[in-house]
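The values are calculated or read from the model by the stated rules, or taken from the named source; none is laboratory data. These figures come from a predicted structure and were not determined experimentally. A quick note on method: Cβ atoms are made from the backbone with ideal geometry, for glycine too, and the neighbour counts reach across all protein chains shown. In case anyone asks, the SASA skips ligands and DNA or RNA and just uses the protein heavy atoms, side chains included. Shrake-Rupley method; radii C 1.70, N 1.55, O 1.52, S 1.80 Å.
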Amino acid sequence: MTHTYATVVPPQARDRRRIRRPVPPAGRKMRSMYPSWFYIPAAALYVVLFAVPTFASFYFSLTRWSLFDVHFIGLDNFVQFFSDPQLSQAVTNTVIYAVVTSGAKVILGLGLAVLLTSEIIGRGYLRAVTFFPVLVSTIGVGLTFKVLLDPFDGLVNGALSVFGIQGPGWLTDPNLALISVAFVDVWKGLGIATLIYIAGIVAIPQEYFEAARVDGASAWKVFRNITFPLSWPATGTVIILSLIGGLRSFDLIWAMTKGGPGFSSDVIASVIYKQYQAGFYGLSTAGNVVLFVVVTAVMIPLSIFINKRSVDS
């Protein structure tokens, strides 16, 4: 007689056999969603403070609006903005201001960084002094230099008169007003450029400098062949930040000259602000959109070029 024995499977084992959990591929672990939750506050702030106002600006630039009503008028604001007779002068001034301030910050920032990374007495103190203007309010700097550069009672022309030199009207001469404000901007922003360059130079491996000293390279050759090429990422950062600040410049110019004398120091942002002061809110919003598009159109290709060159170097 043949006996058949049935296999008894415990209930817990049967339940485990029914539940098939996904098995991640070999060498990979399942990612938890928990770390992604920490992005939510930053994403919410970005949407509320940047994305929503940006898209709202694009909409309101197509309207004639006030605090009480909104009327859609299409592209009329943009047509009126580009037909402003002062716009061409403002665009020219903006380009000059951005190029002058950016170039000066790159040259002076690199020179100061090389000096402040060398073995000199009081290096820490000099770094602090160089960075101090960055901490001062832009409006405060503008008002202070407006007094210092006064053609009659200003300290600068008073100091020049001691040596028998008659100082010019730094802020009242149409040929000097914009450049005078630009150099004040350089004085205030030079600390940031120097700090970025110091970080870039310090990051260069010291073996390169030691090898150059062993080979008997002069200080100029070390700078030309090691310091300057290997600090190109810092140069790119300074150029981008300075150009963005120069193209969007407003507060310092408004505090010192208000676009004057006449329209000689008007920039795009000051023209937009004057339109807002006159009550043309839709027109000024359209101007802000144009400025946003211009800065973006300049910065994106420039950033791609600088990053590509940084990788190649």
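Helices that extend 27 Å or more along their long axis by alpha-carbon positions and average at least 1.6 on the Kyte-Doolittle scale are, among the DSSP H runs of the chain, 177-202.
Between ASP251 and ILE204, the distance separating the two model label sites (each 7 Å from Cα on the Cα→Cβ line) works out to 3.4 nm.
Write out the chymotrypsin sites (Phe, Trp or Tyr not before Pro) in region 131-212 meeting two conditions: DSSP loop, and at most 14 other Cβ atoms within 10 Å of their Cβ. Spell out each step's value before the answer.
Numbers: sites: PHE131, PHE145, PHE152, PHE163, TRP170, PHE183, TRP187, TYR197, TYR208, PHE209; in loops: PHE152, PHE163, TRP170.
Sites meeting the loop and neighbour criteria: PHE152, PHE163.
Take the Cα of LEU49, step 7 Å toward its Cβ, do the same at ASN225, and the gap between the two points is 4.8 nm. Segment SER36..VAL136, full-extension length gain: 32.2 nm, with 0.36 nm per residue of separation and the alpha-carbon distance subtracted. Using the Cα gyration tensor of the chain, with a ≥ b ≥ c the square roots of its eigenvalues, what is the shape: rounded (a/c below 1.5), prolate (a/b larger than b/c) or oblate (neither)? Oblate, since a/c reaches 1.5 and b/c is not below a/b.
Which whole-number value in Å² is the accessible area per residue of the chain, probe 1.4 Å? Don't skip to the end; give the middle numbers.
On the way: 20360 Å² over 313 residues.
For the chain, the solvent-accessible area averages 65 Å² per residue.
The alpha-carbon of LYS221 sits under 19 angstrom from the alpha-carbons of these aspartates and glutamates, leaving out residues fewer than 8 places away in its chain: GLU119, GLU207, GLU210.
The chymotrypsin sites (Phe, Trp or Tyr not before Pro) of region 45-96 meeting both criteria, a DSSP state outside H, G, I, E and B (loop) and at most 10 other C-beta atoms within 10 angstrom of the site's C-beta, are PHE68.
Counting only protein heavy atoms, what percent of the accessible surface of the chain is carbon or sulfur at a 1.4 Å probe? Answer for the chain: carbon and sulfur cover 68 percent of the accessible area.
Please return the longest range in the chain lying between exposed loop sites, taking trypsin sites (Lys or Arg not before Pro), DSSP loop only, at most 16 other beta-carbon atoms within 10 Å, and leaving the sites out. Don't skip to the end; give the middle numbers.
Working: sites that count: ARG20, ARG28, LYS29, ARG31, LYS258.
Answer - 32-257.
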